[in-house]
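Below: one structure, written as structure tokens.
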Amino acid sequence: MGKARSGRAVVVAALLAGGLVGCETPPAPAAAPGATGRAPRVEAQACPEGGVRIVEGQGDAAMGLRVGRLELVNCAAAPYRLEGFPEVRVLDADARQAEVSVVHGSAGITTGVTGMDQPPQPVVLMPGEAASFPLLWRNTVTDGTTVDGRYVEVVPRPGAPALRLKLVEPLDLGTTGKLGIGPWQGARTAP
């Protein structure tokens, strides 16, 4: 009887262990590619001086023409007003300023319709909202030194502190050394 009881205990333990293994929650599905219409998820962290944080948005690349987006999230308790264009500096892997000409709009980069050449409009971010601005460049390589921007510094508005961001997807400017930026665009709720 002792052997039968211990044998049943082993079977019950094995069944419970097997059942528990099968009860794990499956992982969440991967996000679908493409823009979601929301600001990227930002890890919980202290709000930087100035009350806003910069995050990398979605990008795309085709035949040497690259587009990206940087997003500004209002993490403060007060509204944050933007107008015009941010000030942008491209930094290399050592966080030194790269030789890059930052221009407003798409002139000299593409003749296609990009939406980057629209006149700036005022944008007011309420707490928790995000605004963005587009980036446009060509990865053209001819003779010379290539530019590979690994960081950006963004001054959202005159007098605001510069925000530094290490990029997940570098700005591979090739030898063009030219980056087009658009004006601040629309406020929307950040996740």
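With a cap of 14 neighbouring Cβ atoms within 10 Å, and only residues DSSP puts in a loop, list the GluC sites (Glu not before Pro) found in the range 91-191. Those that pass, being in a loop and sparsely packed, are E99. Summing charges over all other residues whose Cβ lies under 9 Å from the Cβ of P170, with Lys and Arg as +1 and Asp and Glu as -1, gives -2. Label zone of M126 (point 7 Å out along Cα→Cβ, amide N under 11 Å): in the range 160-188 this covers 188. Here is the list for the range 82-171: trypsin sites (Lys or Arg not before Pro) lying in DSSP coil, each with at most 12 other C-beta atoms within 10 angstrom of its C-beta, are R96. Placing pseudo-labels 7 Å out from each Cα toward the beta carbon at T142 and A107 gives an inter-label distance of 2.0 nm.
The label point for D92 and the one for D117, both projected 7 Å from the Cα toward the Cβ, are 3.3 nm apart.
Values in this text are rule-based calculations from the coordinates and carry no lab data. Treat the numbers as computed from the prediction; the structure is a model and nothing was measured. Virtual Cβ from ideal backbone geometry, glycine too; neighbours counted across all protein chains shown.
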